Structures are given as structure tokens and as C-alpha cells.
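What follows is a short report on a single structure.
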Amino acid sequence: MSAGQDTDNTKTTAGNDRLSIGARLAAARKACELDIRVIANELHLDIATIEALENDDKAALPAAIFVKGYLRNYARMVGLPEDEIVRDYTEQTGEPPPLTVVSLKGTTPFFQLPSARLLRNIILVLLAVILIWLAYPFAERLITSRGQDTQQPVPGRLALPPADSQATQ
């Protein structure tokens, strides 16, 4: 490394006396006596990406959401506070804070749809009623036909004559 690159790596952020994120990561890596290839292998990243993180080269890095994950994992690996590193990166990039959910308490909608479970149950009851209504004529015919066929012999049964007719013979 030349002296010019070394001074870029130790620049301060927003006028603070602290080192830049990349400089802190590089210093922690060197303090742990880890090679840049070891970090790249452990984080499953290219060596160029690790160098871009350490040199604070935002042009060579992907989208901020990915960089935050890289920084968090890198900081965890070298023993730096993860949340502080990510917070400092967010402040440097000027990225807006994450969206929050706003509750609209006290307001009721003009027309509220019923739940999906209620709609499903109503549809199932209606289908059952329609099926019973369609099956009623068939069931009625079946019941009336059984009542009329009592004179015919039932298969599998032996029809015996009444007991008084045998006594008279």
C-alpha cells in the first residue's frame, strides 16, 4: 500500500476523531492476525469486495442492504460491535430509516368485508342446502318405492306360509 492509500483509509467520518468504518475493520482484522483471503472465504465474498469494504469504496460495493449484511458479518468475525458499524454506515450513506407501520386507531372503514373463514363457511352451508334440495325428490321416490314393494318377496329370504294354514291341513 502506498502512503496515499493509507491516509484515505484512516480518514475521519463527519469530523469525528474516529476512524472510518473500513479503517476500523482493517485494523481489527490485522489485530486478529487474519489475512484478507481468510475473511473473504469465511464471508463467501470476493477479495475485491473485502478490499472495497476496507477502503470505503462505495462505488465498488453493491446495494446498501447487502453491504449492511457484509459489514455486520465482518464486524462479528473480527470482534467489533455490529450494530455500531451498521449504524455508522447508515449515517455515512444518508440512507433513509426503515419504514414504520402507522396505526389508524379510531377510524372505522365505511364498509368492512367479512373474514375469509366466514365467507368459506357461508358458501359451504349454501352448497349443502342446494345439494339437499336437489336430492330431496330422489330420496322421496326411494322412500315411497320401498313402502309399496312389501308384497314382493325379498331376495335371500324364505317366505313361509302362515302358521294357521299348516295346522288345518
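The values are calculated or read from the model by the stated rules, or taken from the named source; none is laboratory data. From a predicted model like this one, the values you see are computed outputs, not experimental measurements. Here Cβ is always computed from backbone atoms with ideal geometry, including for glycine, and neighbour counts include all displayed protein chains.
Only a single criterion out of (1) of a type outside the set (K, R); (2) outside any loop (DSSP other than H, G, I, E, B); (3) surrounded by 12 or more Cβ atoms within 10 Å (Cβ to Cβ) is not satisfied by L34, namely (2).
On inspection, R117 passes the criterion of being at pLDDT 90 or above and surrounded by fewer than 10 Cβ atoms within 10 Å (Cβ to Cβ). Within segment 56-73, residues that are surrounded by 12 or more Cβ atoms within 10 Å (Cβ to Cβ) sit with their Cβ atoms under 7 Å from residues that are not in a helix (DSSP H, G or I), at 6+ positions apart or across chains, in these pairs: D56/S20; A64/E95; V67/L61; Y70/L45.
Residues that are of a type outside the set (A, V, I, L, M), outside any helix (DSSP H, G or I) and either surrounded by fewer than 14 Cβ atoms within 10 Å (Cβ to Cβ) or in contact with a Phe, Trp or Tyr (Cβ under 7 Å, 6 or more places away or on another chain) (or both) within segment 37-55 comprise H44, D46, listed in sequence order. Residues in segment 93-100 include at least one that is at negative phi and surrounded by 10 or more Cβ atoms within 10 Å (Cβ to Cβ). Just to be sure, is P137 in the same structural domain as D35 (by TED's automatic domain parsing) and modelled with pLDDT of 75 or more? For P137, the condition - in the same structural domain as D35 (by TED's automatic domain parsing) and modelled with pLDDT of 75 or more - is not met. Checked against the criterion of being in a helix (DSSP H, G or I), more than 16 Å from A23 (Cα to Cα), within 22 Å of the chain's Cα centre (by Cα) and not aliphatic (A, V, I, L, M), segment 76-95 has no qualifying residue.
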